[in-house]
Structure formats: C-alpha cells, structure tokens
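Chemist: Take a look at the following structure, please.
No value in this document is a laboratory result; all are computed from the given coordinates. Everything numeric in this text was worked out from a predicted model, so none of it was measured. Neighbour counts run over all protein chains shown; Cβ positions are idealised from the backbone, glycine included.
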C-alpha cells in the first residue's frame, strides 16, 4: 500500500516539477499573442506570373514562407506566427515588435544579388548617357551616403545586363569591417559559386565588378587579383544595423517572387497591456470567488478542490509553454472556463460522496463510490467539451484558435487533477489518519 501511494504521489510531484520547469521564467517561456503585447499583423500576397497553375503558385508561396520565417528568426523575434493562407497569401504576426516599418521592409525585400562587369568602353558610355543604351547593357547609378546619411546617386555605370554570378550561390553572409572602419557584409560562396567567381576574377583583372542588390549598385570594386576562396565583400558605408539586415536577407536567400502587402495593422502595446490587466483581473476575481465558495461549502474538501484548480492551471500553462503555443486574450477566457469546469468535476464528486455518506457507508467506501459514480458524468461532459475545443483549434483562426487551445488542454488536465490527484490525497488521508467520520 505504501509503495502504491509513493508511486502515485511521485507522479503528482513529477508533473508539478516538470510544469514549473516548462513555465519558468514565465515572461520568457509563455508566448503572448498580438492582443496581449502589441505588434504587427501583415497579410502578404505573392505576385504570380500569368497562366501559372494552382500547384505551382502554392509551391511558390511555400518557398517564400520558408524564407520569410528564416529572416524573422534571424531578427530574434521570439513569438512570430507565420502561416500560409490559401495558395498565394502569407499571414505574419509579429508580437512585441517595436519598429514595424523595419520589420515590414525586411520581410518584403526581394534580395536579388548580382555581380556584373562594368563596361569601360568610352563610346558605349557616351551613347548610353545620351539615352541610347546598347542592347545587352544597362545604365545604373552608384549610390553612396552623404554626410547626412542619405543615399544619393553619384556615378553612372554601364553594366552588362547578364550577371556573371548571382546570390543563389551564397551559403553564408556576415558583418565585418572595411579598412575605413565602416561595417561591410562578407559573403561565402558554395563550391560551384567559388569556381565561377574564381574564373570571373581571373579573366577580368583590372576591371571593375559591380555588386548590384535589387537593381541598386552597392559597390563596384576593381578586381586586383584572382579570388579562389569563394569569398566576396559588399561595402557601401553601411551602418551596423543596415549591414546586419543585409546579411540576414542574403543569408536566408532571395524571395522567389515579389510580395505585395495587401493589409497591415499595428497593434499598440498600450492596448495590449490594458487587455492583460483586464483579463488577469477578471480571471483573478473569478478564481477568488470560486476558491472562497468551495472552502465555505465543502470545508476541507474545498481546499482539496482549490488545490486541484491550481494544479490544473499549472499543467495548462506548462503544456502551452512546452508546445510553443501562443497565449491570447481569448485564451485567457479559455483558462477561466477551464477553471469553472475543473470545479464542476469536483462538485459532482463531492455531492456523490455526500449521498453515499447519507446512505450510511463508511468514509472510505463513500469516497470510492463517489469517485466511481461521478466518473461517467465527468467523462461525458469533458469529452464533449474537448471535441468542441479541438474543432475550434483545428479549424479556427486567430482568437478562436487560442480559445480552442487553452480549452482543450485544460479539459485534459482536468481529468488528471479532479479525478486522479484529489483521489490519491483523500485516500492517503483516510487510511493514514484512520478517519471514521467525514465532514463535507
């Protein structure tokens, strides 16, 4: 008997300890949605080519979604929600973002990186500058920062339209510093890219190689020697933030198509804090009333029910943190509803125990019968509610999904706390203290 109780209490203690581990510290472990901490909500749409079929459009969106996810992860945003909607839309929620304009700009960058040779022929230059650009060439301007940090067009450069190398060969990009102390972006090419780059630099020593990003010349250094290591550097008097963002975009890869922002909304953090305060206050007041009522109405068993309630919430938050779920304001409502259902299960059990005691049964027999007879009613009500919660979570979106998540987890936790945990404690007290009369 002692061994059985030791195992059961061990299970309860392990569950409590593991849940505390999952949620501590809560400000880092429990993710909060936009409605709780503010942030940015963006809906993006892929600009598709004409006559593209639905499957190809869906694949294009999947590739864009993965690249966007990599960029956002590199920014260090800890609670992003990035999901596909239909075949050509991507929904992005960025809770807690302080500079939404920068995040939106980074997400939508196409990041088309090209290395193009600069044409040195004066006759071709004059022809291009007069407005007659020869076929197979393009005229772009080198942009440099002035003393106020504004990019201005400085020098026109005639480039070959066909790039010698593109950014698809990049395997890494990181921030470094040039000779003047400005941050630059160092590129590492894969084996194939390194071979092409070595060949291009070897054949064109003395010529300038323009580094063009999204149609803008970032720099046009002179090739002084053959470069065999597969490494290149982009300079341009960047700030540290600009260099870091450029490295992120290049490292994650170019978007497969242009993205159009069809909807965006910035949720203020002040509104989020207000929601949190009201939601917590409502839940706290409700919990306090329930706790007091249970103690007043069921005496010592009321304390037991309150313990089960607290354990239920702990397990619920632990599972949410463990699976990376996002807590939203409707999610808090789901927690409040779960608390009510947890108490409801205990009420069913306690009323059954009362009936058994009135029938003249012993405390141990009354407790066993009470839990056994209440089980069918508890399982019926909880299973039907669990099905509803799962449907809301699987098929719902946004706020509905958050409500369904907390409700479903809370129901599962309730079956453990109200039926197993409380029964173990009651049995242990009755047997060890040899209680002959129950007050309930």
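Chemist: How much of the DSSP beta bridge set in segment 113-254 is antiparallel, as a percent to the nearest 5?
Modeler: Percentage antiparallel, nearest 5: 95.
Chemist: Counting only helical runs of four or more DSSP H residues, what would the 222 nm mean residue ellipticity of the chain come to if each run contributes -39,500 (n - 2.57) and the total is spread over all its residues?
Modeler: So the calculated ellipticity at 222 nm is -18000 deg cm²/dmol.
Chemist: How high is the FRET efficiency from residue 58 to residue 436, r the C-beta distance, R0 60 Å, rounded to 0.05?
Modeler: The calculated FRET efficiency here is 0.30.
Chemist: Moving on. Could you list 240, 341, 294 so that the one with the fewest beta carbons within 10 Å of its beta carbon is first and the one with the most is last?
Modeler: Ranking 240, 341, 294 by Cβ neighbours within 10 Å, fewest first, gives 240, 341, 294.
Chemist: Put a dot 7 Å past each Cα toward the Cβ at residue 278 and residue 241; how far apart are the dots in nm?
Modeler: Reported label-point gap for residue 241 and residue 278 is 3.3 nm.
Chemist: Let me ask something additional. Express in nm, to one decimal, how much length is gained between residue 412 and residue 102 on full extension, taking 0.36 nm for each residue of separation and deducting their alpha carbon distance.
Modeler: Value of the extension gain: 107.5 nm.
Chemist: Which order do 376, 283 fall in if you start with the one that has the fewest other Cβ atoms within 10 Å?
Modeler: Going from least to most buried by this count: 376, 283.
Chemist: Could I ask something else about it? Just want to confirm a number: the relative contact order over segment 113-254, from Cα pairs under 8 angstrom separated by 6+ residues, in percent.
Modeler: Contact order relative to length: 28 percent.
Chemist: Could you give the angle, 0 to 90 degrees to the nearest 10, between helix 54-75's Cα long axis and the longest principal axis of the Cα atoms of the chain?
Modeler: The answer is roughly 80 degrees.
Chemist: Here is a follow-up. On a 0 to 90° scale, report how tilted helix 329-358 is relative to the longest principal axis of the chain, with both axes built from alpha carbons and the result rounded to the nearest 10.
Modeler: 20
Chemist: Enter the angle in degrees (range 0 to 90, nearest 10) between the Cα long axis of helix 269-298 and the first principal axis of the Cα atoms of the chain, meaning the one along which they spread out most.
Modeler: 10
Chemist: How many nm is it between the label spots at residue 127 and residue 351, if each spot is 7 Å from the Cα in line with the beta carbon?
Modeler: Placing both labels 7 Å along Cα→Cβ, they lie 9.4 nm apart.
Chemist: Still on this structure: If packing is taken as the average count of other Cβ atoms within 10 Å, what order do 412-418, 16-22 fall into, highest mean first?
Modeler: Final packing ranking: 412-418, 16-22.
Chemist: For residue 261 and residue 5 in one chain, what is 0.36 nm times their gap in residues minus the Cα-Cα distance, to one decimal in nm?
Modeler: Difference between extended and current length: 86.2 nm.
Chemist: Quick one, which of [x] 1.44; [y] 0.99; [z] 1.53 is the actual Cα Rg over 2.2 N^0.38 Å calculated for this model?
Modeler: The value matching this structure is [x].
Chemist: Sticking with this one: Please list 182-189, 209-216 highest first by mean number of surrounding beta-carbon atoms within 10 Å per residue.
Modeler: Most protected by this proxy first, the peptides run 182-189, 209-216.
Chemist: Between segment 312-331 and segment 351-370, what's the alpha-carbon centroid distance in Å?
Modeler: Cα centroid to Cα centroid, the span is 36 Å.
Chemist: If you stretched the chain out fully between residue 179 and residue 12, how much longer would it get, using 0.36 nm times the residue separation minus the C-alpha to C-alpha distance?
Modeler: Here the answer is 53.9 nm.
Chemist: Fewest Cβ neighbours within 10 Å first, please rank 299, 106, 405 accordingly.
Modeler: The most exposed by this proxy come first: 299, 106, 405.
Chemist: Got a sec? Which residues in segment 333-353 would a label at residue 289 touch, if it sits 7 Å along Cα→Cβ and we count backbone N under 11 Å?
Modeler: Output list for this probe position: empty.
Chemist: Describe numerically, in nm with one decimal, the distance between label points set 7 Å from Cα along Cα→Cβ at residue 205 and at residue 135.
Modeler: 3.5
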